[in-house]
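Values in this text are rule-based calculations from the coordinates and carry no lab data. On a predicted model such as this, the values are computed, not experimentally measured, just so you know. Glycine gets a Cβ as well: all are built from the backbone with ideal geometry, and neighbour counts include every protein chain shown.
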Amino acid sequence: MSDRLAKARRIVAVREQMHKVAEWEQARLVREHADLERTRGELLASYDHDQFGRLFAGSVARRLAQVSRAAQVVAEARSRQEEKVREEALALKRAERLEANAEEAARSEADKKAFQVLVEASATSSSRDRDNASLA
């Protein structure tokens, strides 16, 4: 295997890992956003259904504001992470094309070497045949 092909395969392996990490981070952010939305719903439900809701209105309002800010931060991070996942996917595709090109170059080089050996064997064989024919 050529150095170029080995290097291309290592690059593809690294890009695959980077893409997986980006996807995992995106999934984590989606779960975190869902948890914040669930917390927001629970706070609103507890405020509406709790007989003591009016007593804790200030603390519920502060907690809702915190949850809303956190949800906004996570939503922005999700947006950035979605872009990063797209970029990593494109980088992976480029690396895979690089690997395919390196494989094709290695295959072509192997074919050239095989053809050269065949030509040399044929030339050696035909010169031996001529030498044998002249001796006869």
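Descriptive notes on the structure:
- Diagonalising the gyration tensor over the Cα atoms of the chain and scaling each eigenvalue by 5 before taking the square root yields semi-axes of 73, 10, 7 Å, largest first.
- The Val73 and Ala13 beta-carbon pair, evaluated with R₀ = 30 Å, returns a calculated FRET efficiency of approximately 0.35.
- Residues of type lysines that Lys93 reaches as a straight line, Cα spacing below 18 Å, ignoring anything fewer than 8 places off in the same chain: Lys7, Lys20, Lys84
- Residue-span extension gain [Arg86 to Ala34] - 0.36 nm each, minus C-alpha spacing: 16.5 nm
- Glu103 paired with Thr124, simple spin-label distance in nm, labels 7 Å along Cα-to-beta-carbon: 3.3
- Across the chain, the mean sequence separation of Cα contacts (distance under 8 Å, 6 or more residues apart), normalised by length, yields a relative contact order of 44 percent.
- Normalising by residue count, the stretch 30-109 has a Cα convex hull of 68 Å³ per residue.
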